[in-house]
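In what follows, a structure is listed as structure tokens, so that the remarks can point back to it.
The values are calculated or read from the model by the stated rules, or taken from the named source; none is laboratory data. Because the structure is a prediction, the values reported are computed rather than measured. Here the Cβ is made from the backbone with ideal geometry for all residues, glycine too, and neighbour counts use every protein chain on show.
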Amino acid sequence: MDELKIFIGGQWRCGGGHQMQSLFPADGSANARLHAASLDDLEEAIACAQEAWRAPAWRNSLPHLRARILHKVADLIESRVDELAKMQSRDNGKPLAEARGLVMSAAGTARYFAAACELLEGELPTPRQADLLTLSQYEPLGVVAAITPWNSPIASEMQKVAPAIAAGNAVILKPAEATPLMALELARIFEQAGLPPGLLSVLPGKGSVIGDALARHPKVRKISFTGSTTTGRHLAHVAAEKLIPASLELGGKSPTIVLEDADIELAARGICHGIFSSGGQACIAGSRLFVHEQVYAPLMARLLELTRGLRLGHPFTEGTHVGPLISDQHRQSVLDYVALAKREGGRVLCGGEIPADPALASGSYFQPTIIEGLSNGARVCQEEIFGPVLVAMPFSDEAELIREANRSVYGLAAGIWTRDTARALRLSEQLEVGTVWINTYKTFSISAPFGGFKESGLGREKGIQGLKVWMQQKSIFLATGNSVNHWCD
């Protein structure tokens, strides 16, 4: 078990806060121990960040110089894919195949924002009066806060840090308390890539202590948070009080819709991946399944067959589909929701229990679960479980389907399975969500903006828009003539 240091203003050192551990969810063993950041550490990190982003060498650096650092970051990540994937897997229990995908995604994110910062242009708005030139340019915000979740650390962290650095800011990164490993390793990678000291600090610790103090700090000029809606609502209040921007990617209870003309095999496989990959620990998990009554029986038969065939096991075992949940505490929460579903009248078609396999007894494993017999108004259909639990509901009327799909406080994502593209696009326009997948699910592009409607969040990540949210726009008016202002006459 390693003793880790935290990263403050370009220096590796022991944090001043309480001792914490990184645990491997597969067996409960300790990955590493470290001391969390203290409030004094936070003050020092922000002071260093304030100085670093204002330094002429950084503030006046040309975009291609910032891009060079990000390309180097991507090179370093790609040179260590297997090692980083194993570290990611130890951090939160994801199967290695998923972890490798997240590592490569992080490298791609760095490259995308390297290119984006070089291509970002100012504007020349057309003036409405003669002898006047109007310029508009984008500038960094300054010191910014990035607060990330435990379910996909390396990808979530890079989606915040890369554009923030590309935009010219200094970043204070607060990873989830349960998963500090990847954030600290990313700091080492950025350091090796030549990022000037002070532009990135990583402060592990409790969200209620370090995260809250970071968000409230008067020198922090933006909050970017991915996590629960409850915490996001609190941070939105903090940002409002400070009059600073906030990007919030929050919870979800995403509907997946199977129309009567859908390809059953394609839909069943996509649904299975959409809810059970990552052990259902994803804000975009397709946890509410609406199936047209004409195909309900064959679709459910195939989906149950696929689900029962999923390999639940150790994340380091090649071929594992579903690894452990993040902790025993979280597993108990999922188990409680299954018990609630039964009390509400639901029938558990498969799963719903802690596996009996002795080889899995020391980890936080939970069986992939499918439930039917509930209405969309049931609590397990309205509250985010964040685990491998799918509730299936038949429908017959399209108008009713849309009402029920939208009957949720969340609006993050949705899936549609049909051979009728025009119908799918029409339904997409009626769904109150930020992302719609048609005949696919959980596929991404770093160039496409991502975020939610309603209580699923504010703002967008990814794409050119995901770079601009880390900047502020300034307009400059230049008089090109010698006209005298006669107001004082």
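So the values come out like this:
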{"read-out": "Residue match in region 32-43 (condition: in the same structural domain as ALA145 (by TED's automatic domain parsing), aliphatic (A, V, I, L, M), touching a residue at least 24 places away in the same chain (Cβ under 8 Å) and closer than 22 Å to HIS314 by Cα)", "value": "yes"}
{"read-out": "First in region 90-114 and in contact (Cβ under 8 Å) with a residue 24 or more places away in the chain, second anywhere and among the hydroxyl-bearing types (Ser, Thr, Tyr) and assigned to a helix (DSSP H, G or I), Cβ under 6 Å, 6 or more apart", "value": "LEU96/SER89; ALA99/SER89"}
{"read-out": "Considering residues of region 129-149 that are touching a helix residue (DSSP H, G or I) at 6+ places or on another chain (Cβ under 7 Å) and in a loop (DSSP other than H, G, I, E, B) only, the residue surrounded by the fewest Cβ atoms within 10 Å (Cβ to Cβ)", "value": "GLY142"}
{"read-out": "Residue check for SER408: free of Cβ contacts under 8 Å to residues at least 24 places away in the same chain, surrounded by 15 or more Cβ atoms within 10 Å (Cβ to Cβ) and within 23 Å of GLY457 (Cα to Cα)", "value": "no"}
{"read-out": "Region 23-36 - residue that is of a type in the set (Gly, Ala, Ser) and touching a Pro at 6+ places or on another chain (Cβ under 6 Å) and, of those, surrounded by the most Cβ atoms within 10 Å (Cβ to Cβ)", "value": "ALA26"}
{"read-out": "For THR126: the one exception among (1) in a loop (DSSP other than H, G, I, E, B); (2) touching a residue at least 12 places away in the same chain (Cβ under 8 Å)", "value": "(2)"}
{"read-out": "Test: residue in region 36-54 that is in contact with a His (Cβ under 8 Å, 6 or more places away or on another chain) and within 16 Å of ALA183 (Cβ to Cβ)", "value": "yes"}
{"read-out": "Single match in PHE395, PHE366, PHE386 (criterion: in contact with a His (Cβ under 7 Å, 6 or more places away or on another chain) and buried (at least 18 other Cβ atoms within 10 Å of the Cβ))", "value": "PHE395"}
{"read-out": "Residues of region 425-443 satisfying the condition of being in a loop (DSSP other than H, G, I, E, B), free of Cβ contacts under 8 Å to residues at least 40 places away in the same chain and closer than 19 Å to GLU455 by Cα", "value": "GLU432, GLY434"}
{"read-out": "Subset of region 363-379 (residues that are under 15 Å from GLY252 (Cα atoms) and either part of a loop (DSSP other than H, G, I, E, B) or out of contact with any Asp or Glu (no Cβ under 7 Å at 6 or more places or on another chain) (or both))", "value": "ASN376"}
{"read-out": "Residues being surrounded by fewer than 24 Cβ atoms within 10 Å (Cβ to Cβ) and either under 17 Å from the mean Cα position of the chain (by Cα) or farther than 21 Å from ALA176 by Cβ (or both) - total across region 84-101", "value": "4"}
{"read-out": "Residue within region 183-202 that is among the charged types (D, E, K, R), out of contact with any Asp or Glu (no Cβ under 8 Å at 6 or more places or on another chain), assigned to a helix (DSSP H, G or I) and within 17 Å of GLY142 (Cβ to Cβ) present", "value": "no"}
{"read-out": "Options LYS222, LYS253: the member that is closer than 23 Å to ASN376 by Cα and of a type in the set (D, E, K, R)", "value": "LYS253"}
{"read-out": "Filter result (surrounded by fewer than 18 Cβ atoms within 10 Å (Cβ to Cβ), assigned to a loop (DSSP other than H, G, I, E, B) and among the hydrophobic types (A, V, I, L, M, F, W, C)) within region 307-353", "value": "PHE316"}
{"read-out": "Matching entry among LEU289, LEU266, LEU299 (being assigned by TED's automatic domain parsing to the domain that holds SER364 and part of a strand (DSSP E or B))", "value": "LEU289"}
{"read-out": "Region 196-214 - residue that is surrounded by 24 or more Cβ atoms within 10 Å (Cβ to Cβ) and aliphatic (A, V, I, L, M) and, of those, nearest to SER61 (Cα to Cα)", "value": "LEU199"}
{"read-out": "Residue that is farthest from LEU412 (Cα to Cα) [pool: residues in region 433-489 that are of a type in the set (Phe, Trp, Tyr) and buried (at least 21 other Cβ atoms within 10 Å of the Cβ)]", "value": "TRP470"}
{"read-out": "Elements of type strands (runs of 3 or more DSSP E) contained in region 1-109, each with 2 or more residues being in contact with a strand residue (DSSP E or B) (Cβ under 7 Å, 6 or more places away or on another chain)", "value": "2-4, 6-8, 19-23, 30-35"}
{"read-out": "Residue in region 289-310 that is within 24 Å of the chain's Cα centre (by Cα) and free of Cβ contacts under 8 Å to residues at least 60 places away in the same chain present", "value": "no"}
{"read-out": "Top-ranked residue in region 55-83 [being touching a Phe, Trp or Tyr at 6+ places or on another chain (Cβ under 7 Å) and aliphatic (A, V, I, L, M); ranked as farthest from MET182 (Cα to Cα)]", "value": "LEU70"}
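Okay, residues lined up against (1) in contact with a helix residue (DSSP H, G or I) (Cβ under 6 Å, 6 or more places away or on another chain); (2) among the charged types (D, E, K, R):
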residue: ASN31; (1), (2): yes, no
residue: LEU42; (1), (2): yes, no
residue: ALA49; (1), (2): no, no
residue: ARG111; (1), (2): yes, yes
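Per-residue answers, yes or no, for (1) closer than 20 Å to ARG288 by Cα; (2) within 23 Å of the chain's Cα centre (by Cα):
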| site | (1), (2) |
| --- | --- |
| ASP397 | yes, no |
| GLY411 | yes, yes |
| SER428 | yes, yes |
| VAL433 | yes, yes |
| SER445 | no, yes |
| ILE464 | no, yes |
